[in-house]
1. Just want the answer: with Cβ charges of +1 for Lys and Arg and -1 for Asp and Glu, which residue in Asn225, Tyr449, Ala71 is farthest toward the dipole's positive end in the chain?
2. Restricting the count to DSSP beta bridges whose residues both fall in the chain, what percent are antiparallel, rounded to a multiple of 5?
3. Please list the non-local residues whose amide H lies under 5 Å from the amide H of Glu537, H modeled 1.01 Å from N, same-chain partners needing a gap of 5 or more.
4. Looking at the square roots a ≥ b ≥ c of the eigenvalues of the Cα gyration tensor of the range 148-258, which shape do they give, rounded for a/c under 1.5, prolate if a/b is larger than b/c, or oblate?
5. For the chain, with only Lys/Arg (+1) and Asp/Glu (-1) charged at the beta-carbon, what is the dipole magnitude about the Cα centre, in debye rounded to 20?
6. Based on other C-beta atoms within 10 Å, arrange Cys74, Cys388 from fewest to most.
7. Between Asp172 and Arg118, what is the spin-label point distance in nm, taking each point 7 Å from the Cα along the Cα→C-beta axis?
8. For the pair Lys343 and Ser267, what calculated FRET efficiency results from E = 1/(1 + (r/R0)^6), where r is the Cβ-Cβ distance and R0 = 25 Å, to the nearest 0.05?
Amino acid sequence: MTSDKKNISLLTELFLQHGLENIVISPGSRNAPIVISFANNKNVNTFTIVDERSAAFFALGMALQTGKTVAIACTSGSAVLNYASAISEAYYQKIPLLILTADRPQHLIDIGDGQTIRQSGVFNNYIKKSYNLPLEISTEEELIKTEAIINEALNSCRLPESGPVHINIPFDEPLYQTTNETNIAKADIKFPDTNISTNDINLLSKEISSSRKVMIIAGQLNSDNKLNEQLCNISDFDNIIVLSETTSNLHGQGFIDTIDNLVSGFSEEDKLIFSPDILISLGGQVVSKMMKKFLRTNKPKKHYHISPSGEKMDTYFSLTKSIISSNLGDFFSSLVNEISSYKSDYSSLWKNRKTKTEARKNNYLENAEYSDLKVFESIINKLPENICLHLGNSTPVRYSQLFGSKNGIIYNSNRGVSGIDGQLSTAAGYSYYSNKTNVLITGDLGFFYDSNGLMNSYLKSNFKIIVINNSGGGIFRFIPGPDTTPNLEQVFAYHHNYKSEYICKAFNVEYLKAENLFDLEKNLKVLFNNDKTTVLEVFTPEEINGRVLRDYFGYLKH
């Protein structure tokens, strides 16, 4: 059984032929044909989440975990706009989402009809492509044309790089009619170009082999064993240093994975010594503002960015060329074989500085007061092996960079746009298909902002949530600027006395709390061994957190 609307029944058939299987639907009436066509197909996994914003982030997490396009579908009107935050995150993080929005026919737009807005092209700034399906399919020619549109949309979700694609679908009443007839659809599936440019390999190998100071910096990446192996090989060269972050999902003994610890103490002389001649970047956003400032003010002579789409990612205002490669592991495998050794102390300079900085970091932490920093140290040290760690914006993802990455842990964070919305829902979606323990570390405001993520029938026992409650936006208490205004607590940090306990009770989620390190370590054991979705709320002293972190960087510097 499927809807009698040919446009949506055709889309459902092609969706399956492209090897897709998951759709997250938010209830409505205008999207009834979508519900009927997908939910009644035994080959489709249909999820129902009421809050469209949460639903879209849940789908985003699911797509990130499976590596496949996930569809989201909603009714018309303002429901559509609730998708915007997740769509922008998917666009900048390059996650494949298929956005299906039910719409009224064109003659009902802007005449005062209910639940009606101008939906065509509504997401144009934050999607790869946008399409409108025809209201009716009456001829063979219209069928072929619609089929081509849908195939193009489904391919665009993945190629040349993943991202969100919007299909707006008008439906006229009646909306609930069904049929047992199926359309004969033909999938046209495109595949990525896996060729590696010999010219680009030759160009980069010559640049690297003749330069004393080469820096490779990785932004946000999915875990990739081959890429990790090849970057480990390349980091053995004397003139090359590899910088990574937790969200890069790279692990190597020779990598610099605690960037802020090292860069925060740079003197003017250090900046000249440690700045690269050649910079090679890959992946998405880099978390470290210190590193971005360092490279923007100490520009490399040449900067090459490598990506599947060849996007001009000029993060450091020095881009020389974008290089296209659909497979970073294969690209660096070819590159490392062409590089000649160059005598240099550049790699050893960075590695020696890391060793000395680590010693100072450990000495400071041994005597640090109870604070966000000490709490994060304790959590990181107590994490089980082989888990997925989801890091909320703003402070959790930054604190994680101070402790580096642990081999065997997958690190995720919504660092496409870096907003606090949707952190809980994204982690919940990711955990649904994961066979690992999934731990979300989030701040209090991020948790409260996305608390509807608990209004979800698909929370699994492998999902654990740690809320660091410092009574407001802790990041504003230590970044320069807000602390010099009289509006710090009322506006920027938004001081509050809210707690998570009764939110957890409302949604039937287990709740734990800690107010000191002893209780924290005791309840971390309970959290990780509990067989239910559980929240551990950790209360920290708002008046101390900022000072402890400022003193930390001051200690590393001096």
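FYI, it's all coordinate maths here, none of it is from the lab. The structure displayed is predicted, hence computed values, not measured ones. Reconstructed Cβ throughout: ideal geometry from the backbone, glycine too, with neighbour counts over all protein chains shown.
1. Asn225
2. Values: 2 of 68 bridges.
Counting only bridges with both partners in the chain, antiparallel ones make up about 5 percent.
3. Amide H to amide H, under 5 Å and 5 or more residues apart or across chains, Glu537 pairs with Val467, Leu512, Lys513, Ala514.
4. Numbers: a/c = 3.95, a/b = 2.61, b/c = 1.51.
Prolate shape, in that a/c is at least 1.5 and a/b is the bigger ratio.
5. Details: 54 positive and 60 negative charges, 284 e Å.
So the magnitude is around 1360 debye.
6. On the way: Cys74 26, Cys388 22.
By the 10 Å Cβ count, ascending, the order reads Cys388, Cys74.
7. 2.4
8. On the way: r = 26 Å, r/R0 = 1.03.
The calculated FRET efficiency here is 0.45.
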